[in-house]
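Structure first, then comments.
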Amino acid sequence: MMEESGSVPVLEMRGITKHFPGVVANDNVSFNLLKGEVHALLGENGAGKSTLMKILFGFYPPDAGQVFLNGHAVNLTSPAHAIANGICMIHQHFMLVPTLTVAENVALGLRSSRHPLTDLAAVTKRIQQLSDTFGLQVDPLAYVWQLAVGERQRVEIIKALYRDASILILDEPTAVLTPKEVDDLFQILRQMAEAGRSLIFISHKLHEVMALSDRITVLRNGCVTGEANPCDTSRAKLAQMMVGREVKLAPDKPHTQICEPRLEVKDLVVEGDRKTDAVCGLSFQICGGEVLGVAGVSGNGQRELAEAICGLRKPKTGQIKIDGQSVPSGNAKAAREAGLSYVPEERMRDGAIADFNIFENFILLNHGQKRFCRMGFLRFTPIHQHSRTLIDEYTVKTPNLETPAKNLSGGNIQKLILARELSSDPKVLIAAQPTRGVDIGAAEYIHERLSHQRTNGTATLVISEDLDEVLALSDRIAVMFEGRIMGIVNREEASRERIGLMMAGVDPDSPPADYCPSPE
Amino acid sequence: MSDLINTTIIIATVASGIRLATPFLLASLGESIGQRSGVLNLGVDGVMLLGAFAAYYTVLKTGNLFLGIMIGLILGALIGLFYAFITVNLQAQQGVSGIGIYLFGLGMSDLLFQKLVGTPRPIMPFRILHIPLLSDIPIIGEMFFDHSLIVYVAFLLVPLLSLIINRTTYGMNIRAIGENPEAADSLGVSVGGIRYSALIIGNMLAGLAGAALAIELGIFQHNLTNAMGFIAIALVYFGAWRPLGVMAGSLVFGVVAAIVLQCKTLGLIPRSASDLAAMAPAIITILALVVVANRFRQPTALTKPYVRGG
Amino acid sequence: MRRFNFGTVMLVVLILTAFCVLPAGVMAAGKMLKIAIVAPSASNDLAFTQSIVDGINAVKKERPIDLAVTDGTFVVEDAAAAIRDYAKKGYDLVIAHGSQYGGSLKEIAKDFPKTAFAWGTSADTFGLPNVSSYEAASDEGGFVMGMMAAALSKKGSIGVVGPIEVGDAKLFVDGFVAGAKAQNPKIKANVNYIGSFSDVALAAEAARAHMAVGADVLTGTAQMVVGAIGAARSKGVAWFGTQADQTELAPEIVVACQVYKWEVILRQILADMDNGILGGKKYAITLANDGLMIEFNPKYKLPDTVTKIGKKAVMDIKSGKIKPLK
């Protein structure tokens, strides 16, 4: 047996190839990880990062290639096997059982010291030790469903620490965290690396990769396209490696002629799912050719606001006007007919039907129109034509028109929805989290389309947690906190600091809590 | 004098309710374990019928009650194995497969009965098991400790299963894969293995319920269970998938049925309302179900076959 | 390969199931007159269906009959299909043994005017010339056994377990209670219709409920009473049976049973057919025409006084001195 030495990487994956029907997910990928390093795996959705990691975690075997741990070839056949070899994975979607307590979630799958009985007291004690050492605040006795997203993330990390993982895979761990939570997470991860653990950090967020990693490997279309050191690279270079061409990180924003207000919202009060007021008397208006960005941490009433405007949720009180015409509340059809389009936050739940194919999803709204339907029968020729035009125009990547929407990548689904929503040239567009979970190339394209629509005179409301996105797209920025607008500032006057304060509920300049730019 | 009669009647009614509740309790305990692991089995009644016939036939031929019970359990285990194969390996749609099991049990038990037995012949039923001290307590003893062994077993299973579900790693695994099998899988818990075992245990209890019914009644005939298995499934929802809740549900159903019977016997319910009153246990159970259903959520993964990475 | 063709698997299961659920058997024997019986429960159910099969078999000893039985057709549509099938195949007499089959029979009989149909228990021939109806005066035997039960009861309390208050069951129960009251006006005769023809467990508990309030003689009717008989047996409480001889279910406690001898009216129906009459008549088995018999269990030590009461009651009903429900 060879002694473990600094020169031998703790993990090496050599020539990994994996095919799925019709796709080469990994093509001769090699990757190594040194002790105590944070190695970022950067790539767009579908570049093969997750496949590579799932092979490492024993979910499925590679078609070719070999995995070495500390210089020894291993065949990892199951997650249990990987865990036994000191590999732990923090998945993009948390692998937690909401109805179990934190301690139970941590103990799951491990042999108890009091087998067959559980020994949750011992587990609780150990969790407390770990949370003290690493500053991971979490109540071991709380049920996971009671925890906020950031706390759940901490539970995932504790699970890995509890298993004494020497290799930790983090699959897009920041996707659902607020900026503050991301900072805390990075601090913990650095601390873990310093303690001698090796981390694989999967992401497509350039600035996070730059901030955290010791080394960066970039994947595109299943192949390694480059390796870089954060000290001697730049976001633009990384983006180019990821996408394969130069990327514009913010769209051009030509000056538009601000005309009449197209969307007016007045004294809107909306009840949330918990039966309390989620939106507390909002008023604002958006003019044609203007983008109003709504910034704020998720859960401060943004979703309810969007749904109320779109008629999906009946507001308690308040008025919504499109082009001066009042829209009946809680009536999605009327809102649509008044010229409104909606790109929803939960795109697979509210934006597309997963099992419907591409063209069916394209005609969800207008399949009743004469051009698509005659005497109750669908006219497939014009439908296919229409769909093909949209696919070409919006560069939706799909094998064919019959592919179910669920088989598309996040970015392509979003392009599909955007294509459908913009094809009617809306008067008002509500876009909620338009690029969340979407790769850079697609995000760039979506931003361009939104900007194009702005030029065409649409009044756009962009709701986003991504402050960069809000700053890049908006003419004015409204910050929502606990159902209220903390203030609306012009883009030129908006600084990150000022908006960050407002997102935390601090009023930067008094008094107007409810800013209402009504012309009277 | 009349006080004495009233006491006797109350004792008899409670004891009757407990006897009526027993097969429901066994079957719904079994069903709750399967459902906790994320698999719905609508075939409980069919398993009960097969268990009932197997036990009846064994006792008829051998006169050995213990052997009858064992055969009922083994048969349940075999069906559990088969059902696990269908739902775990073949990933069949659980609602339809369960109905298939039910129809199979209903038809097969009757076919076997006709071919092997024909005319109903009585078998020796359970004897009352006298428990020293407990059975001698006045009133309480007669209500709760004047039953056959199987009744005690059924009710002792409640704390035992509570312990297994809530306090063992095995129980924790069951709860986890019923909620989020992916998470359990990612931690190295064998989703398929746990579901297999949960379904085998669950169907063993259904087989036991049938065996207990046939031996308690000392007879078998076509559709002996009279759809008890379906009520047992409702009682699982009533009991919010917890052994204690399931017990409460079974007792409500059994005791209400016993009270209605006793009231009819005493002429307290007019003959014209007789059939309406016979529905009381079902109606009360449904009402309770509605109240409970709003408070508790079913296991998230219930009825969903688990496919890795799917 | 994981997604094994599930459709195929379920198809196999369903076919197997269908095979098991199908009526248990179609049997045939003999020659000459072709008779078919379609009946709801098993032909050896110790109750309703067995009584008609036994009846035909008794007649078969006297004259050549080609008999076919389709039993277990608790689904009316299945029964209707079987009835029509037999008529089409040229059976001379098709017996639809179940009042629930009436609606279907009414339609089928019109299509086969040359076939004789009999159905029961009922008193309705739909005014069709090729349909006979038959029923049992089960109140008569009920009355006789009610008198004996009242005489046998030491505590002055007896219990009845019934299914749903309709048809043959109601007739029997009413006769039994009337008989008990006639013997002892002070008797407590509690009737418990459990609301089901098939809930054996509930029938058992109904019997226990009767015993809890002091009943020391029990009776009951319909196929779920096997449960009640078991409960009575466990407490050694006397039992009166009906529809078939239930002695072998509990030889220690069965006192006597009212037995249906359908052969009595079957002979009449066949005789009419010999004379070219295919139906339009109503038949009934009674104590007077020996279609109903009270069969005593020889193993049960019944006090002579009670036996005498029973035998006298039979004579009185036969002679018309007692009219049970009038």
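The values are calculated or read from the model by the stated rules, or taken from the named source; none is laboratory data. Keep in mind that this is a model prediction, so the values were computed, not measured. Heads up, the Cβs are rebuilt from the backbone with ideal geometry, glycines too, and the neighbour counts pull from every protein chain shown. Accessible surface is based on the protein model in full, side chains and every heavy atom, while ligands, DNA and RNA are left aside. Shrake-Rupley method; radii C 1.70, N 1.55, O 1.52, S 1.80 Å.
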* Please give the residues from region C:212-244 for which the solvent-accessible area of heavy atoms, probe 1.4 Å, is smaller by at least 30 Å² with all protein chains in place than with the chain isolated. => C:Ala212, C:Val213, C:Val226, C:Arg233
* Structure fact -> Amide H neighbours of C:Leu292 at under 5 Å, excluding residues fewer than 5 places away on the same chain, with H built from the backbone geometry, are C:Lys261, C:Thr286, C:Leu287
* To do: Return the sequence-ordered ³J(HN,Hα) values of region B:258-263 in whole Hz as given by the Karplus equation 6.51 cos²θ - 1.76 cosθ + 1.60 applied to θ = phi - 60°, using x for Gly and Pro.
  => 5, 5, 4, 4, 5, 5
* Structure fact -> Taking every residue of C:37-50, the Cβ atoms of other protein chains inside 10 Å of its Cβ average out to 2
* **Prolate/oblate/rounded label for region A:1-91 (Cα gyration tensor, a/c 1.5)** => prolate
* To do: Sort chain C into rounded, prolate or oblate with this rule: let a ≥ b ≥ c be the square roots of the eigenvalues of the Cα gyration tensor; rounded if a/c is under 1.5, and if a/c is not under 1.5, prolate when a/b is larger than b/c, oblate otherwise.
  => oblate
* Which is farthest toward the positive dipole end of chain C among C:Tyr101, C:Val264, C:Gln183, measuring Cα position about the Cα centre, with Cβ charges +1 (Lys, Arg) and -1 (Asp, Glu)? -> C:Gln183
* Compute the relative contact order of region A:11-243 as a whole-number percentage, counting only Cα pairs closer than 8 Å that sit 6 or more residues apart in sequence. => 30
* Tell me, how many Å apart are the Cα centres for region A:209-238 and for region B:65-103? -> 54
* Structure fact -> Taking region A:347-425, the equivalent ellipsoid from its C-alpha gyration tensor has semi-axes in Å, biggest first, of 19, 13, 12
* Asked: Which whole-number percentage describes the relative contact order of chain A, with Cα contacts under 8 Å and a sequence gap of 6 or more?
  -> 14
* Structure fact -> Residues whose built amide H sits under 5 Å from the amide H of C:Ile194, excluding neighbours closer than 5 in sequence, are C:Gly162
* What angle do you read, to the nearest 10 degrees and between 0 and 90, between the alpha-carbon axis of helix A:410-422 and the longest principal axis of chain A? -> 0
* Work from the charge dipole of chain B (Cβ charges, +1 for Lys and Arg, -1 for Asp and Glu, about the Cα centre) and give the residue of B:Gly46, B:Thr7, B:Ile18 farthest towards its positive end. => B:Gly46
* Beta carbons within 10 angstrom, averaged per residue: use that to sort the peptides A:153-160, A:65-72, highest first. => A:153-160, A:65-72
* **Residue-wise HN-Hα coupling along region B:185-193, computed from phi with Karplus coefficients 6.51, -1.76, 1.60 (Hz; x: Gly, Pro)** => 4, 5, 9, x, 7, 7, 4, x, x
* **Charge sum, other residues only, whose C-beta stays under 15 Å from B:Phe113's C-beta, Lys/Arg counted +1 and Asp/Glu -1** => 0
* If you bin the C-alpha pair distances of region A:11-243 every 10 Å from 0, what whole percents do you get? -> 8, 32, 36, 20, 5, 0
* Asked: Taking the Cα centre of each part, how many Å lie between region C:235-273 and region A:437-510?
  -> 89
* Asked: Counting only residues 5 or more places away or on other chains, whose amide H sits under 5 Å from the amide H of A:Leu429 once H atoms are built in the peptide plane?
  -> A:Ser341, A:Ala459, A:Thr460, A:Leu461
* Based on Cβ point charges of +1 for Lys and Arg and -1 for Asp and Glu, what charge dipole magnitude is obtained for region A:347-425 about its Cα centre, in debye rounded to the nearest 20? -> 140
* To do: Please report, in debye to the nearest 20, how large the charge dipole of region A:11-243 is about its Cα centre when each Lys and Arg carries +1 at its beta carbon and each Asp and Glu carries -1 there.
  => 280
* If you keep only loop residues by DSSP, which trypsin sites (Lys or Arg not before Pro) in region C:121-222 have at most 11 other Cβ atoms within 10 Å of their Cβ? -> C:Lys154, C:Lys186
* Asked: So which lysines can A:Lys54 reach, going by Cα to Cα under 26 Å and dropping same-chain residues fewer than 8 places off?
  -> A:Lys18, A:Lys35, A:Lys159, A:Lys205, A:Lys397, A:Lys406, B:Lys304
* To do: Let me know the whole percent of all Cα-Cα pairs from chain A that are separated by more than 29 Å.
  => 57
* Over the whole of A:102-108, what's the average partner chain Cβ count within 10 Å per residue? Rounded to a whole number, please. => 4
* Report, in debye and to the nearest 20, how large the dipole of chain B comes out about its Cα centre when Lys and Arg carry +1 and Asp and Glu carry -1 on their Cβ. => 400
* Asked: Once you average over the residues of B:256-267, how many Cβ atoms of partner chains fall within 10 Å of each Cβ?
  -> 6
* Charge context of C:Gln268, other residues only, Cβ under 14 angstrom, K/R +1, D/E -1 -> -1
* Specify the residue with the greatest mean-square fluctuation among B:Ile128, B:Ile174, B:Ile74, computed from a Gaussian network of chain B linking alpha-carbon atoms under 10 Å apart. => B:Ile128
* Asked: Using a 1.4 Å probe, what is the accessible area per residue for the protein assembly as shown, in Å²?
  -> 41
* **Formal net charge of residues neighbouring A:Asn331 (Cβ-Cβ distance under 15 Å; K, R +1; D, E -1)** => +3
* Structure fact -> The Rg/Rh figure for region B:21-226, Cα atoms and Kirkwood Rh, to two decimals is 1.02
* Where does chain B land at 222 nm, in deg cm²/dmol rounded to the nearest 500, when only DSSP H runs of n ≥ 4 count, each adding -39500 (n - 2.57), divided by all residues? -> -24000 deg cm²/dmol
* Computed P(r) (all Cα pairs; the protein assembly as shown; 20 Å bins; percent) -> 10, 29, 27, 20, 12, 1, 0
* Buried area at the C-B interface (accessible, heavy atoms, 1.4 Å probe, summed, Å²) -> 4100
* Taking +1 at the Cβ of each Lys and Arg and -1 at the Cβ of each Asp and Glu, which of C:Ala137, B:Gly34, C:Leu46 sits farthest along the dipole of the protein assembly as shown towards its positive end, judged by Cα position relative to the Cα centre? -> C:Ala137
